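So the structure is just underneath, and the comments pick up after that.
The values are calculated or read from the model by the stated rules, or taken from the named source; none is laboratory data. A quick note: this is a predicted structure, and the numbers were derived from the prediction, not measured. No Cβ is skipped: glycine too gets one built from the backbone with ideal geometry, and neighbour counts run over all protein chains shown. Please note that ligands, DNA and RNA were not included when accessible areas were found on the heavy atoms of the full protein model with its side chains. Shrake-Rupley method; radii C 1.70, N 1.55, O 1.52, S 1.80 Å.
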Amino acid sequence: MISVIIPTLNEAENLPSLMDSLCRQRAGGDVIVVDGGSEDGTLDLVARYDVTCLHSAPGRGQQMHLGAEAACGDVLLFLHADSAFPSGGLQKIEDVLAASPNIVGGNFALTFDGGDGFSQWLNGFYAWLRRRGIYYGDSGIFVRRSVYQRLGGIRPIALMEDYDFVKRLEASGTTCCIDDPGLVTSARRFQGRHPMAIVLGWLIIHGLFYLGVPPERLARIYNSARRD
């Protein structure tokens, strides 16, 4: 059984399509929305569905950590609210894990929905990163619950919670990337920003994280760069 965990913050515009897709697919699993203080009607929207809604301080790390603690499934799937989850995605996870008991978890091949050249470049860049064992929460990370617990779970840190968890997941055993079906996610966070600034910011954040700069400070740097 798969538990789907979705952190939200003002996602009323993007969430309905994801919720509809999941509700069509789920069979015995649970969907847990962990809201970080939405003010745009997200909570009213979530109330229309047969899902669990939890309340948290804002921050994906904190929200994902809380959602995992409340989950009932033997497999956990973490999704961003602005993702378009593919039809048959839940069944594919179950099939992959049932066929290969040695697989501890993984993610989906990721495509950004932007039609510009930079979004297309990102698609190739993310595929290149995945071949090197690097991926993020926007690609739909899934993991066996027993493995999640053994690794200490997703840490409730202010930034890089997905990268931090994936490093431990990749070191723990074999993972897989599901490319059929793949997952589509929004390119909205790149809009209005210069591609070189995005790439440079990515390198700086990862370098500082590697050097041990506290995630709270990294979050301030990251948010400041996005505003600029």
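Summary of computed values
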| quantity | calculated |
| --- | --- |
| Candidates Gly73, Gly133, Gly114, filtered to the one that is open to solvent by less than 30 Å² (accessible area, probe 1.4 Å), outside any strand (DSSP E or B), of a type outside the set (S, T, N, Q) and out of contact with any strand residue (DSSP E or B) (no Cβ under 8 Å at 6 or more places or on another chain) | Gly114 |
| Output for the range 136-165, where each listed residue is in contact with a Phe, Trp or Tyr (Cβ under 6 Å, 6 or more places away or on another chain) and of a type in the set (Val, Ile, Thr) | Ile141, Ile154 |
| Of residues in the range 140-155 being out of contact with any Gly (no Cβ under 9 Å at 6 or more places or on another chain) and not charged (D, E, K, R), the one least open to solvent (accessible area, probe 1.4 Å) | Gly153 |
| Residue satisfying all of: in the range 88-111; assigned to a loop (DSSP other than H, G, I, E, B) and touching a strand residue (DSSP E or B) at 6+ places or on another chain (Cβ under 7 Å); nearest to Gly29 (Cα to Cα) among these | Gly88 |
| Number of the exception - Tyr126 against (1) in a helix (DSSP H, G or I); (2) open to solvent by less than 30 Å² (accessible area, probe 1.4 Å) | (2) |
| Condition met for Ala158 (touching a Gly at 6+ places or on another chain (Cβ under 9 Å), hydrophobic (A, V, I, L, M, F, W, C) and part of a loop (DSSP other than H, G, I, E, B)) | yes |
| The range 53-65, subset in contact (Cβ under 8 Å) with a residue 60 or more places away in the chain and part of a helix (DSSP H, G or I), residue nearest to Pro215 (Cα to Cα) | Gly61 |
| Residues within the range 43-52 that are assigned to a loop (DSSP other than H, G, I, E, B) and either closer than 15 Å to Phe165 by Cα or open to solvent by 60 Å² or more (accessible area, probe 1.4 Å) (or both), tallied | 3 |
